[in-house]
2 protein chains.
Amino acid sequence: MGLTLTEKILDDHLVEGELEPGEEIGIEIDQVLTQDTTGTMVWLQFEALDLDEVQTELAAQYCDHQTYQFDFKNTDDHRFLRSAAGTYGAYFSRPGNGICHNVHKENFAAPGKTLLGSDSHTPTPGGLGQLAIGAGGLDISVAMGGGAYYVEMPEVVNVRLEGELPEWATAKDVILEMLRRLSVKGGVGKVFEYTGPGVESLSVPERTTITNMGTELGATSSIFPTDEHTREYLARQGREEEYVELAPDEDAEYADELTIDLSDLEPLIAKPSMPDNVVPVREVAGTSVDQVIIGSCTNGGYEDILPAAKMLEGRQINRKTEMIIAPGSKQASEILAREGWTAELMAAGVNFSEATCGACIGIGHVPASESVSLRTFNRNFEGRSGIEDDNVYLCSPEVATAAAIKGEIVDPRDLADELGDLEDPGFELPDAYDGSKTDIIAPDEAVDDSLIKGPNIGNAPIGEPLEADIAGEVLLKMEDNITTDHIIPATSDILMYRSNIEKLSEFTLSRVDETFAQRAMDADGGVLVAGENYGQGSSREHAAMCPLYLGIEAVLAESFARIHRANLFNFGILPLTIDSETYAKIEQGDDVEVVTDVAEAVEAGEEEFTVRVNDDWEATTTLKASERERRILAAGGKLRLTKQQYEDGGDAAPADD
Amino acid sequence: MGLTLTEKILDDHLVEGELEPGEEIGIEIDQVLTQDTTGTMVWLQFEALDLDEVQTELAAQYCDHQTYQFDFKNTDDHRFLRSAAGTYGAYFSRPGNGICHNVHKENFAAPGKTLLGSDSHTPTPGGLGQLAIGAGGLDISVAMGGGAYYVEMPEVVNVRLEGELPEWATAKDVILEMLRRLSVKGGVGKVFEYTGPGVESLSVPERTTITNMGTELGATSSIFPTDEHTREYLARQGREEEYVELAPDEDAEYADELTIDLSDLEPLIAKPSMPDNVVPVREVAGTSVDQVIIGSCTNGGYEDILPAAKMLEGRQINRKTEMIIAPGSKQASEILAREGWTAELMAAGVNFSEATCGACIGIGHVPASESVSLRTFNRNFEGRSGIEDDNVYLCSPEVATAAAIKGEIVDPRDLADELGDLEDPGFELPDAYDGSKTDIIAPDEAVDDSLIKGPNIGNAPIGEPLEADIAGEVLLKMEDNITTDHIIPATSDILMYRSNIEKLSEFTLSRVDETFAQRAMDADGGVLVAGENYGQGSSREHAAMCPLYLGIEAVLAESFARIHRANLFNFGILPLTIDSETYAKIEQGDDVEVVTDVAEAVEAGEEEFTVRVNDDWEATTTLKASERERRILAAGGKLRLTKQQYEDGGDAAPADD
């Protein structure tokens, strides 16, 4: 049986497990990327590992989310990240140099390599044959420390492309069509592998628009084979030597297959407020438009902005519509400026922005109330633009520009008919991507050799290896369905402390009991008790990190939400399941002692743990965990385990490598 | 006796008073400008005037402060301002088109005309012979309604320029030298008139750097005569027909005179944290620099950025220093882009921003903690950059760029010696300022013909003509030295409601008594009692507007701070002075009735007003006010008076015009 391209790359990097869908596999990571909102904690965790340098082939730190630097904490974060990259041997991309996915694609993405990134759109370089996966911050820290990345083996789905895109249809319409067919849940647990004769009609930047937005399908990743387009793209970036020919075997077996005939596509648009709410543009034509933005990691490249510039040459945008262009990278900005397009766009009435994620994450250019905004971005979740009840549509640069010209949504084919002199600008690549690379500081040019921490940057908490005894007071007894938002709220007044666990911990469970954090600090540790479904909701790791910081050693709950349970293991907190009788009987303030020798029992694979309450009565609790989870827990969490493995001289390299 | 240039322009526009220093004069206003943070209230007040259109020759509304549109309220404000400009016949400069002073200079500033603007750097176009003055928002509304602007006749000071600037010294060093000599208080109540043989060595953009920053001297305005430079500047902007030859009489008498020999100047720098803390650059050479920003209304023109571009051509900025360029206008951005300089700057590592006030007012690119920032701006007050304890230096673009190259403060003369191939870029003007003007919407192209108010935009309160009776409960009795910060706090959570008086009024005097606003609303009016120096501190008009909205009809205080007292007149609230005995005796909750016929007594010029308390005892209070103040008060405030004058068919035009 032949292998899919995904399987081939995974097989090359396999450290543990079998390539069976649903099975947990461990893979070696070649490259990692982090950005500025997730990167500070990644590096603080890496600092806690106490290693001298990054163990992956390449690590790259980007500053792209908070580049307007509205608060000194943003600027401090950027300085800290520069110092971390310098200290530990990562590349540092300066604020203003662009979005991580764009800059990584331009400078580092390599066919056949694995990339792990602390950003959900990490799969972008799948467009040039890299297997790229988004993950949590701790996974990145561990990978940088040489640890494998563990993931459920995804199903590989074949997306067969046929034909060629007709006039005015673009790569954005390919992925919008995928979303229209499959919905935002259609890709969960899957990798989409694009194949078929239509592939060769798409350039690398078009392919990365598709792989980038595979994230909106919920996919683990998306990937294209490599070909002459890939080689030429790398050559234009001065990196032809990194080209590798990659394709699935001819007899590869896919879990599923679907076909898109490119020639059937037409301009599509995702209506508010979900990326899969896709209809033909003509269906919403005539809707008045207040704001148009071209940019983001999906459509912020040189090739994405060029069509807008060509469409606007000699024209002006509608006076009632604001149009902003935020290039995805400075490479894009610089080439556009050098070729004169920036001046043309400005003359047409466009507001040209710094290269930043910016508006896509609600930072800057928030729409006016009760207004319509057309954006070339990848997400239009309600409120993401920075205002509740927003009306954000997602579309191609061509559709966005047509709306800016007419002041309302219009199919560019119809606008072309109306104007008479508007032509499909097509998709054009430059001779070379000759934007300078002065904004990337290589490890050997590093400015700093030690960490620079502003007053809001603390340390990452790290667990201690499990001991025989766990005992303490029940500091809080909670109801069913406590969310991670209850454990650590994400309102903006609290979110700003995400690099400062000491400060952030003051808010732990404050929505349940305002006195909790102080009591936990005073008690020097203790345990938590909860009902069903403890830790549901957002995957945030801080919901385990802050209790760890406060000294919580165990959580006794009737049941745990899946991701939070994993986070408790990852941070070395013992998650014990109790029955409803025990839940009913145990009270806040009780003294709890785990009678079983915890360290020994966890390592021995035991499932039953006896708990003694107030030295008065006993209950049986259970720990169901895989061998890997037990190893992590016993070690005191994933960070501690990685640190230990490194100290023992082990690493994550596959045995046959 | 000959006239100064200032006196000539004032004489041409005089509506009331004599040109004697210290005397109040009323002048006709030809042009007004407003920006986005002050403009909303200006237009709401104009709306309250109930006029069909702006009465000045020209009104221009700019969007420059909040152009990153961080919050939907910013975007809503911009939409409202566009609708106000369209409705009432003003020019509208779109967000992204640049800073009001730069765009006004390029498009509208005209020699010999008067300009009133709701921004402290309004005097900028003094560099081309316009008499331009910054004022409060209500003054702008009144001027737009056809009312005169009243100001104390300033002293006119002759600044005689001799010689020519040596290499690496710039216009910025001229104004820094002025600040070094005269301090930030040295210009209070004065207009600086630049004369002498050195004038002709300075181009218009250099002159406007000087006049712009005259504001930092505390000056009422600064002005240059016109000459061939002025004509050429206007011709390059396509406005040569607006040229007028203007100069002081040869025998003009000045209140004071000082001489600056330009050839004596060298690169200067203002150290933290005051613009007059000026020393030679060499005195602080070697200070490590984290951030450099070129931009603002002082040094954000094409000619200001060009030297930086030339200095950086073929070089890179220091890796430890971030450099941001925020052009003052899109005209500057567009020409720089068209000539290829934008691409060169990007290649050197510069982060190129939108055209905005931005960082100069602490919005974006806030310095990191304990870092040094060199900026070409006009102010470095502590905390203005967005972080307390900042270290912001002010200097020329050349000094800023030299620091970006070396990573530390360095006199560019010394850097030139060190590098061997760095030359003074000089000051170069373009052939023509050919940036397009699509971002200015003229009144006849207006998008809107009615106001568009988002949910945060309310109405301006307007007083009612004084009646015979004023009576009500003492809703609050306050101590001495109540500030306008007590009356209306300016913390950011409250500041965001400055366009929403209804909402803002909820915070009135909340720092003194949290129940006050609600009690005032419930009581449907009443009076305030205070000790000495009521209303000291910031000049904010909202400290009168909000009490007016809550129905306060009179304030009884032992004494009033000067500006707040004027604001009480302007908003139609009766300020009565009481003696210490009355202050001691009167209590919160007392019923107060002004026995004197208020309307009649105010108009008749009476100074004594009898007040009856609890129908039990009486006290004599006093009102000292000029005839103009009495007219304003009787009418129900300045807005109401202007409205009334307009309805009566009167206007502010001088009798002999």
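In summary, A:Thr170 fulfils each of the numbered conditions (1) among the β-branched types (Val, Ile, Thr); (2) surrounded by 19 or more Cβ atoms within 10 Å (Cβ to Cβ); (3) under 27 Å from A:Gly22 (Cα atoms) with the single exception of condition (3).
Residues in segment A:71-97 that are at pLDDT 95 or above, not in a helix (DSSP H, G or I) and not aromatic (Phe, Trp, Tyr): A:Gly89, A:Ala90, A:Ser93, A:Arg94, A:Pro95, A:Gly96, A:Asn97. Residues in segment A:351-406 that are at the interface with chain B (Cβ under 9 Å from one of its Cβ atoms), touching a Phe, Trp or Tyr at 6+ places or on another chain (Cβ under 8 Å) and charged (D, E, K, R): A:Glu354 only. Screening B:Asn97 with (1) within 14 Å of chain A (Cβ to nearest Cβ); (2) surrounded by 24 or more Cβ atoms within 10 Å (Cβ to Cβ); (3) farther than 30 Å from B:Pro225 by Cβ gives one miss only, at (3). Determine which single condition B:Ile361 fails, assuming it passes every other condition in (1) of a type outside the set (S, T, N, Q); (2) crowded, with 24+ Cβ neighbours inside 10 Å; (3) within 30 Å of the chain's Cα centre (by Cα). The single condition B:Ile361 does not satisfy is (2). Of the residues in segment B:278-291, at least one is closer than 22 Å to B:Thr356 by Cβ and not acidic (Asp, Glu).
Yes or no: segment B:251-266 includes at least one residue that is part of a helix (DSSP H, G or I), in contact (Cβ under 8 Å) with a residue 12 or more places away in the chain, closer than 23 Å to B:Thr122 by Cα and touching a helix residue (DSSP H, G or I) at 6+ places or on another chain (Cβ under 7 Å). Within segment B:251-266 (the criterion being part of a helix (DSSP H, G or I), in contact (Cβ under 8 Å) with a residue 12 or more places away in the chain, closer than 23 Å to B:Thr122 by Cα and touching a helix residue (DSSP H, G or I) at 6+ places or on another chain (Cβ under 7 Å)), the answer is no, since none of the residues qualifies. Would you check if A:Phe92 is farther than 21 Å from A:Thr438 by Cβ, within 14 Å of another protein chain (Cβ to nearest Cβ) and aromatic (Phe, Trp, Tyr)? The answer is no for A:Phe92. When the residues of segment B:367-376 are filtered to those that are of a type in the set (A, V, I, L, M) and crowded, with 24+ Cβ neighbours inside 10 Å, the one that is farthest from B:Glu408 (Cα to Cα) is B:Ala368. Scanning segment A:577-592 turns up one or more residues that are surrounded by 13 or more Cβ atoms within 10 Å (Cβ to Cβ) and within 30 Å of A:Tyr149 (Cα to Cα). Taking each residue of segment A:419-445 that is closer than 23 Å to B:Gly314 by Cα and looking for partners that are among the β-branched types (Val, Ile, Thr) with beta-carbon atoms closer than 6 Å, six or more apart or interchain, yields A:Pro430/A:Ile335; A:Gly435/A:Ile335. B:Leu429 satisfies every condition listed in (1) within 14 Å of chain A (Cβ to nearest Cβ); (2) within 27 Å of B:Glu339 (Cα to Cα); (3) not β-branched (Val, Ile, Thr) except (1). Out of the residues in segment B:534-572 that are without any contact (Cβ under 8 Å) to a residue 60 or more places away in the chain, among the polar types (S, T, N, Q) and not in a loop (DSSP other than H, G, I, E, B), which is nearest to B:Met478 (Cα to Cα)? Of everything passing the filter in segment B:534-572, B:Gln536 is nearest to B:Met478 (Cα to Cα). Here segment B:27-65 is the region considered, the condition is being touching a Cys at 6+ places or on another chain (Cβ under 8 Å) and among the acidic types (Asp, Glu), and the residue that is surrounded by the most Cβ atoms within 10 Å (Cβ to Cβ) is B:Asp64.
Within segment B:441-457, the set of residues being facing chain A (nearest Cβ under 10 Å) and farther than 18 Å from A:Gly349 by Cβ comprises B:Ile452, B:Lys453, B:Gly454, B:Pro455, B:Asn456, B:Ile457. When A:Val474 is tested against (1) in a loop (DSSP other than H, G, I, E, B); (2) touching a residue at least 40 places away in the same chain (Cβ under 8 Å), exactly one condition is not met: (1). Tell me, please, whether a residue that is part of a loop (DSSP other than H, G, I, E, B) and crowded, with 23+ Cβ neighbours inside 10 Å can be found in segment A:525-533. Looking through segment A:525-533, none of the residues is part of a loop (DSSP other than H, G, I, E, B) and crowded, with 23+ Cβ neighbours inside 10 Å.
The number of residues in segment A:275-289 being closer than 23 Å to B:Ala446 by Cα and part of a strand (DSSP E or B) comes to 1. Scanning segment A:290-306 for residues that are more than 10 Å from chain B (Cβ to nearest Cβ), surrounded by fewer than 24 Cβ atoms within 10 Å (Cβ to Cβ) and assigned to a loop (DSSP other than H, G, I, E, B) returns no hits. Among all positions in segment A:421-432, there is no residue which is crowded, with 24+ Cβ neighbours inside 10 Å and among the aliphatic types (A, V, I, L, M). Does B:Phe72 meet the test of being closer than 30 Å to A:Ser373 by Cβ, touching a helix residue (DSSP H, G or I) at 6+ places or on another chain (Cβ under 6 Å) and of a type in the set (Phe, Trp, Tyr)? So B:Phe72 does not fit the description; no.
Using the structure shown, decide if B:Leu574 is under 25 Å from B:Glu152 (Cβ atoms), touching a Pro at 6+ places or on another chain (Cβ under 6 Å) and modelled with pLDDT of 95 or more. So B:Leu574 fails the test. For segment A:307-343, the tally of residues that are at the interface with another protein chain (Cβ under 10 Å from one of its Cβ atoms) and either over 28 Å from the mean Cα position of the chain (by Cα) or in a helix (DSSP H, G or I) (or both) stands at 21. Does A:Ala471 meet the test of being closer than 25 Å to A:Asp615 by Cβ and either small (Gly, Ala, Ser) or buried (at least 16 other Cβ atoms within 10 Å of the Cβ) (or both)? Criteria met by A:Ala471.
With a requirement of 1 or more residues that are in contact with a Ser or Thr (Cβ under 9 Å, 6 or more places away or on another chain) and basic (Lys, Arg), the strands (runs of 3 or more DSSP E) lying completely within segment A:112-227 that satisfy it span A:155-162, A:190-195. A single entry from A:Leu495, A:Leu466 fulfils the requirement of being crowded, with 19+ Cβ neighbours inside 10 Å and either more than 14 Å from chain B (Cβ to nearest Cβ) or at pLDDT below 95 (or both): A:Leu466.
The values are calculated or read from the model by the stated rules, or taken from the named source; none is laboratory data. Just so you know, these numbers come straight off a predicted model, no measurement behind them. Glycine also receives a Cβ, built like all others from the backbone with ideal geometry; neighbour counts cover every protein chain displayed.
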